[in-house]
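Enquirer: Dumping the structure here so I can ask a few things about it.
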Amino acid sequence: METDGDLSGTSGVRVVVVDDHPLFREGLRAALESTDDVRVVAEAETVAAALEAVAAQQPDVVVMDLSLPDASGIEATKRLGQLHPSVPVLMLTTSDDDGSLLGSLQAGARGYLVKGAGRDEVLHAVRTVAHGGAVFSADVATRISALLTGGVRREAEQLFPALTSREVEVLDLVARGLDNRRIARELFLAEKTVRNHISHIFDKLHVATRTEAAARARDAGLGEPPRPAGASGAPGTAG
């Protein structure tokens, strides 16, 4: 662990960088400290060193890599959340697979950027997360929405085992208030096919109206597209 001593009185955003590649840490530090309002107060290359650095420095944000020698950045984020719940974590990693993304979010990460992001994007992310917001690159935000939507639909399929996957999709759009023409456009189906699906849904759910079907759908979590944490404010951010 490398620190800059006791900087608890330093103004601006105080950052701990956790990454096991010295050259990357050096480059990231230079990028962050190219502005007057961000200061790297410690660097760490292991989970153990990261926990020690955060305890000593109480930073405004931790910039975390996923691949560390002694454990994953996801595990480090979980432990930081338990020990220092007020210190947010921003993931900055080469891993862009869905498992790493969801694991980071479940661990409590407040942001997720893939290495290769520009200096301004990283600075914006650090400031946003440090001040209580969440930030994800545009492609990551889109994937979060898709992953969460898929999760809700899988749960709905379990709650309505009599419905087919297509019928769950139709029911979801009914719950959002779309008429048959809009549903047909959304799912690239003929309106007659949509009407048939809705008729089957009514029969299987034992309901007589769209209102009843929509109410059942909303009770199961359908009908409202999930908003990624970056859905408001600037693209990819939320404050």
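Enquirer: Can you work out the FRET efficiency for the pair Asp120 and Leu23, with r the C-beta to C-beta distance and R0 = 22 Å, to the nearest 0.05?
Expert: On the way: r = 21 Å, r/R0 = 0.96.
Computed FRET efficiency for Asp120 and Leu23 comes out at 0.55.
Enquirer: Still on this structure: I need the peptides 179-188, 82-91 ranked by packing, meaning the mean over residues of other C-beta atoms within 10 angstrom, with the highest value on top.
Expert: Values: 179-188: 14.6, 82-91: 17.9.
Ranking, from highest mean packing down: 82-91, 179-188.
Enquirer: Next question. Would you mind getting the accessible area per residue of region 78-130, heavy atoms of the protein chains only, 1.4 Å probe, in Å²?
Expert: On the way: 2380 Å² over 53 residues.
Accessible surface, normalised per residue, equals 45 Å².
Enquirer: Show the residues, 5+ positions off or on another chain, whose built amide H is closer than 5 Å to the amide H of Leu113.
Expert: Here Met91, Leu92, Thr93 satisfy the definition.
Enquirer: Using the Karplus curve 6.51 cos²θ - 1.76 cosθ + 1.60 with θ = phi - 60°, what ³J(HN,Hα) values do you get for each residue of region 70-84, in whole Hz, with x for Gly and Pro?
Expert: Computed from phi, the couplings for region 70-84 are 9, 5, 7, x, 5, 5, 4, 5, 4, 5, 5, x, 6, 8, 9 Hz.
The values are calculated or read from the model by the stated rules, or taken from the named source; none is laboratory data. In this text, all values refer to a predicted model and were calculated from it rather than measured experimentally. Cβ sites come from the backbone with ideal geometry, for glycine too, and all protein chains shown count toward neighbours. With ligands, DNA and RNA removed, areas are computed over all heavy atoms of the protein, side chains included. Shrake-Rupley method; radii C 1.70, N 1.55, O 1.52, S 1.80 Å.
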